[in-house]
Amino acid sequence: MPSAAVVGGGPVGCLAALGLAHRGFAVTIYESRPAPISSSNGSAAGPSGSTARARSINLAISTRGISGLRAVAPALPGKMDLADMVLDGAVPMRARMIHTGHEQNSQAYSADGECINSVSRTHLNDLLLQQAESHPSVTVCYGHRLKRADFDKGEKARKGKAPADAEGECELMFGVDGQESPSVVSADLVLGCDGINSAVRDQLARTISFDFARSYIDSLYVELSMPAKLDAAGQPDFALDPHHLHIWPRHDYMLIALPNPDHTFTCTLFAPAGIFEEHLSGREKTLAFFEDKFPDALPLMGRDAVARDIAERRPSPLASVRCRPYHYKGRVLLLGDSSHAMLPFYGQGLNCGFEDVRVLLELIDRHAEEEEMPRPTAPAPTSRTHSRSDSGVSMSSRAPSPRALKPHAVSGAHPSTQALERALAEYSATRHDDLVAICDLAQNNYYEMCSRVVSRTYLLRKHFDTLLMRVLPAGWWSSLYAMVTFSNLGYAAVMRREERQRRIVSNVAIASGVGLAAAAGVGLARASRFWAQRA
Ligand code: FAD
């Protein structure tokens, strides 16, 4: 049985571990944080009771995330699958609520009633960790922080260049909480799921020629909260409509609020560093800023709570990561934020990370299957399995159903080394354009959320998209947001398709403009003839 070390027990690491366990790997997750108190091997229980407490943001999960959750394992009859379990604790949001000055304006996300789902990061991560811990082929080691890795250890041992004590291809060294000496382990496959500051990525960069860039934007974010209000019967109720993602766009900065199942909202203020320094230092200034800019939100959040939270919480930076390649031989692969941390403005970071897992598992299944059943003819174009088609996409039909899982996932037979090597190489070669595309889209969406959502051109285009989506046959036209959020179409194909649609819209606008100008010209000519005749 091949062994896999998943470095990072965040949501992407847990999902990838479950997917590999279903494909015959003996998986160990190494997570640097202490174990949650509820964990079955929680001897090193941390004070927080959760591995994810350090970033207690709630997240919006949509189609790509849900497809990723469904891709790991076959559904058991009558049992909830992973996606059902996650959605069970989520609050669906059907629209954005734009809070301008004194007005509220609801903008539906989809013409077909599709929604995004607000889930607590803590709940999601703990749920996935519990699922991983209860799988017989997965072990979770908390308090393990990766320090060093040698991804050629097995090869060196075979060539007599290293002691032949390692059982796997790679050797990993972890610092362990409460232990002086490091722990050295080996594994055949290493998945780097250790987030934006990935140590696996650092080690990969020491092994191969590796492109890497991390860029920060000037804006920072801080999390605030909006408590539940009490209804007439004294029961807790939401202070705002819970089925909306609330946005207070203010051009250079914005406040957003996502609902939680306990009737509270988690609010996030995104603003340039200068705003934090100038307007959010000290109680008086902070309250004056909120009274001026977010007068309707402040009383709901509570003046004291806002002043206290702004004073106590250090704003966090926002960065994106780009790198290439994502793999090394059949032994190492980067998934999730370690390979493509992005700005949070499209709500796609985790959705994309879960999609990484789905794409990887599909490639592993296909290469394993092709190896077992060699065909005389060339296989169909690869990598296109994750919806590369640029047109005629039915937005919801692309989500793979668990019943579509390949025999490997169902039987638990593991892929050969060669099949794995081909799958990882293909992942690196074909996933890059999609990851670059979503990082770009996420960056552009900051401007859209802060400003464009209230501009006339934006609203006109939104109405035009909605109209065409209603009148044209399914899949002929789709808004950029719907393609990103409610489909599994590759992100790069989404960008190409949007570019084509944008050209059509501007041609229609030009044609209408020319038509109107021509009509006006004819009208003017007739009018002047008429007045000339009368004169
Ligand atoms: P992480 O969640 O960062 O997990 C990495 C894990 O690795 C952690 O548990 C960490 O402790 C562990 N680790 C780190 N280093 C080591 C080491 N050396 N050894 C062992 N373990 C290690 N995404 C969405 O899809 N929708 C949203 O609405 C959304 N909103 C967001 C809002 C904000 C403000 C931010 C900042 C992000 C948002 N995201 C959203 C992005 C999302 O949070 C990330 O994309 C997602 O958490 C990435 O998951 P991951 O498992 O790859 O990494």
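Across the chain, the longest run free of exposed loop sites, meaning trypsin sites (Lys or Arg not before Pro) lying outside DSSP classes H, G, I, E and B with no more than 14 other Cβ atoms within 10 Å, spans 314-535.
For Val508, neighbours were defined as the other residues whose beta-carbon sits under 12 Å from its Cβ, and their charges (Lys and Arg +1, Asp and Glu -1) total +3.
Summing Lys, Arg as +1 and Asp, Glu as -1, what charge do residues with Cβ under 11 Å from the Cβ of Gly353 carry, Gly353 excluded? Overall, the nearby charge balance is -1. When the square roots of the Cα gyration tensor eigenvalues are ordered a ≥ b ≥ c, the ratio a/c for the range 203-291 is 1.5 or more and a/b does not exceed b/c, which makes its shape oblate. Our helix-only sum for the chain, with -39,500 (n - 2.57) per DSSP H run of n ≥ 4 divided by its residues, gives a mean residue ellipticity at 222 nm of -13000 deg cm²/dmol. For the chain, the solvent-accessible area with a 1.4 angstrom probe is 45 square angstrom per residue. Using 1/(1 + (r/R0)^6) with R0 = 60 angstrom and r between the beta carbons of Ala319 and Ala75, what's the FRET efficiency to the nearest 0.05? According to the calculation, E is roughly 0.95. What longest region of the chain stays clear of chymotrypsin sites (Phe, Trp or Tyr not before Pro) that DSSP places outside H, G, I, E and B and that have at most 16 other Cβ atoms within 10 Å? Longest stretch, sites excluded: 211-475.
Annotation for Ala413 and Asn105: the two label points, set 7 Å from Cα along the Cα-Cβ direction, are 5.9 nm apart. Is the chain rounded, prolate or oblate when judged by the Cα gyration tensor, a ≥ b ≥ c being the square roots of its eigenvalues, rounded requiring a/c under 1.5 and prolate requiring a/b larger than b/c? It is oblate, given that a/c is not under 1.5 and a/b is not larger than b/c. Taking a ≥ b ≥ c as the square roots of the eigenvalues of the Cα gyration tensor, an a/c ratio of 1.5 or more together with a/b larger than b/c marks the range 455-518 as prolate.
Using R0 = 45 Å, the C-beta based FRET efficiency linking Asn444 and Met373 works out to 0.55. What a 1.4 Å probe finds exposed on the range 63-154 is 48% carbon and sulfur by accessible area, rounded to a whole percent.
May I ask for the longest run of the chain untouched by GluC sites (Glu not before Pro) that are loop-located per DSSP and have at most 16 neighbouring C-beta atoms (other than their own) within 10 Å? The answer is 181-535. Given R₀ = 60 Å, what would the calculated FRET efficiency be for Thr207 paired with Lys285, taking r from the Cβ atoms and rounding to 0.05? So, using R0 = 60 Å, E works out to roughly 0.75.
The values are calculated or read from the model by the stated rules, or taken from the named source; none is laboratory data. This one's a predicted model, so the numbers in the text were calculated from it and none came from an experiment. For neighbour counting, all protein chains shown are included, and Cβ atoms are generated from backbone atoms with ideal geometry for every residue, glycine included. What goes into the accessible areas is simple: the full protein's heavy atoms, side chains included, and nothing from ligands, DNA or RNA. Shrake-Rupley method; radii C 1.70, N 1.55, O 1.52, S 1.80 Å.
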